[in-house]
Amino acid sequence: LESIRSSILQNVQGVTSVAPYENPTHEWDEYGRPPHSVEIVVDGGDPVEIAKRILDKKAGGINTYGDTTVIVPGKYDEDIPIRFSRPAAVYVWFRLGITLSKNEGIPPNYVELLRKVVLENMGTLEAGADVVPQQFISQLYRVCSGISYVDIGVYATTDEAEQPDGYPDRSVEITARQRAYTSEDMIEVVIDG
């Protein structure tokens with residue numbers, strides 16, 4: 001799996017995420033993958049180039065699975081169907097409620113600094129990776145002195161146009177065939193106290 005992932009990331013332009021999964025068993029797995037198959041969830045990149053990399057690196061006798069099918073010519077010019085998946089988008093909105101320190105001032109660009117941390121951490125998440133803001137909360141404190149407390153609420157939706165009317169969650173579960181996205185305008189920073 002790692003060789004497939006590495007080959008796609010290193011050789012296919014425009015790829016932003018590769019999450020490989022395997023079903024090595026003799027039974028269909030809980031995600032609908034057939035026995036002895038791999039599913040590669042790829043965000044971005046040319047489908048033909050992705051399929052070529054999968055064919056080049058997968059082991060013989062292992063089937064590919066996914067919602068995208070590309071026909072790749074084999075060694076003897078036979079047609080080989082290679083399947084992989086594209087992740088469904090989950091849009092994650094953040095509300096960072098900050099409490100100011102009584103002993104230290106806050107930088108004038110604190111909103112930009114805090115948003116940057118969230119954007120960088122979200123950018124590292126592959127398909128299938130949950131959004132757990134507590135994992136990067138220490139970075140928020142580090143980049144922005146003058147904050148004594150940060151409360152992070154999140155709201156997730158699969159509808160890009162949907163706006164949050166609250167931030168009820170503290171984390172977001174992402175399935176193997178989804179990828180979490182956010183943008184600068186989806187990160188609200190407010191001073192709570």
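The values are calculated or read from the model by the stated rules, or taken from the named source; none is laboratory data. The structure displayed is predicted, hence computed values, not measured ones. Using ideal geometry, Cβ is built from the backbone for each residue, glycine included, and neighbour counts are taken over all protein chains shown. Note: areas computed on protein heavy atoms with side chains; ligands, DNA, RNA excluded. Shrake-Rupley method; radii C 1.70, N 1.55, O 1.52, S 1.80 Å.
Are there any trypsin sites (Lys or Arg not before Pro) in the range 57-101 that are in a DSSP loop and have at most 11 other Cβ atoms within 10 Å? List them by number.
For trypsin sites (Lys or Arg not before Pro) across the range 57-101 that sit outside H, G, I, E and B with at most 11 neighbouring Cβ atoms in 10 Å, the list reads Lys75.
Cα atoms only: what Rg and Dmax, in Å, come out for the range 122-193?
Expressed in Å, the Cα Rg and Dmax of the range 122-193 come to 13.2, 39.
Which of rounded, prolate, oblate describes the range 124-166, given a ≥ b ≥ c as roots of the alpha-carbon gyration tensor eigenvalues and a/c under 1.5 marking rounded, otherwise prolate only if a/b is larger than b/c?
Because a/c hits 1.5 or more and a/b fails to exceed b/c, the range 124-166 counts as oblate.
Quick one: work out the % antiparallel among DSSP beta bridges in the chain, nearest 5.
If we restrict to bridges inside the chain, about 65 percent are antiparallel.
What accessible area per residue, rounded to a whole number of Å², is obtained for the range 28-149 using a probe radius of 1.4 Å?
52 Å²
Which of the trypsin sites (Lys or Arg not before Pro) across the range 112-193 are loop residues per DSSP, with 15 or fewer other Cβ within 10 Å?
Arg170
So if I place +1 on the C-beta of Lys and Arg and -1 on the C-beta of Asp and Glu, and nothing else carries charge, what would the dipole magnitude of the chain be about its Cα centre? I want it in debye, nearest 20.
Around 540 debye, computed over the chain.
Please give the calculated 222 nm ellipticity per residue for the chain, where each DSSP H segment of at least 4 residues contributes -39500 (n - 2.57) and the sum is spread over every residue; nearest 500 deg cm²/dmol?
-6500 deg cm²/dmol
Suppose we keep just the DSSP beta bridges with both residues in the range 88-193; what percent of those would be antiparallel, to 5?
55 percent
Against the empirical 2.2 N^0.38 Å scaling, what ratio does the C-alpha Rg of the range 1-133 come to?
In units of the 2.2 N^0.38 Å rule of thumb, it is 1.42.
So if I take the centroid of the Cα atoms in the range 44-65 and the same for the range 160-193, what is the distance between those two points in Å?
What the calculation gives is 33 Å, centre to centre.
If you roll a 1.4 angstrom probe over the protein chains with everything in place, what fraction of the accessible area of the range 139-193 belongs to carbon and sulfur, to the nearest %?
Reported share for carbon and sulfur atoms: 43 percent.
Pop out the carbon and sulfur fraction of the accessible area of the range 3-105 as a percent, whole number, probe 1.4 Å.
Carbon-and-sulfur percentage of accessible area, whole number: 48.
Taking the Cα centre of the range 110-167 as the origin, how large is its charge dipole in debye, to the nearest 20, when only Lys and Arg (+1) and Asp and Glu (-1) carry charge on their Cβ atoms?
Its charge dipole is roughly 420 debye.
Out of the range 22-98, which chymotrypsin sites (Phe, Trp or Tyr not before Pro) are coil in DSSP terms and have no more than 11 other C-beta atoms within 10 Å?
Counting only loop positions with at most 11 other Cβ atoms within 10 Å, the chymotrypsin sites (Phe, Trp or Tyr not before Pro) in the range 22-98 are Tyr76.
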